[in-house]
């Protein structure tokens with residue numbers, strides 16, 4: 001049975017801001033000849049790795065609202081230069097918008113049951129995209 005992760009997207013003001021950051025990282029990786037994957041390093045390694053790798057995604061909370069997700073393709077344990085073990089959450093660089101779901105602040109990542117995850121927005125819901133500031137205001141109100 002699969003499961004997802006959910007994490008605060010610290011530093012991003014909008015989905016567009018996160019998308020821009022991902023694109024910059026991908027351009028850098030391409031120049032270095034590295035694979036097209038996004039890596040987010042976290043201190044704790046999930047214990048339910050098998051479940052996460054069975055179709056799990058990382059859901060991003062931006063400004064108190066779940067707004068997007070990325071498919072998790074691997075979890076790698078690494079050791080930093082300081083000798084501390086960490087986990088690289090390896091994701092597809094493709095960002096998928098989701099229905100807005102308000103969330104309170106928390107530290108680190110949390111497991112997110114599949115049945116509790118917000119649905120992806122369909123092509124019709126993202127076509128004719130709203131201006132980012134207006135979309136954010138609606139999301140803040142829990143209306144998007």
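All of the numbers you see were taken from the coordinates with simple rules; none came from a lab. Since the structure is predicted, the reported quantities are computational estimates derived from the model, not experimental observations. Here Cβ is always computed from backbone atoms with ideal geometry, including for glycine, and neighbour counts include all displayed protein chains.
The Rg/Rh ratio for segment 4-140 is 0.97, where Rg is the radius of gyration of the alpha carbons and Rh is the Kirkwood radius.
Sorting 25, 113 by the number of Cβ atoms found within 10 Å of their own Cβ, with the fewest placed first, yields 113, 25. Thinking of segment 57-99 as a set of Cα atoms, what percent of all their pairs are more than 11 Å apart? The answer is 68 percent, as a whole percent. If I take R0 = 30 Å and measure r between the Cβ atoms of residue 104 and residue 53 in this structure, what FRET efficiency does the formula 1/(1 + (r/R0)^6) give, to the nearest 0.05? The formula returns an efficiency of 0.65 here.
Most tightly packed first, judged by the mean number of other beta-carbon atoms within 10 Å of their residues, the peptides 37-48, 52-63, 90-101 read 52-63, 90-101, 37-48.
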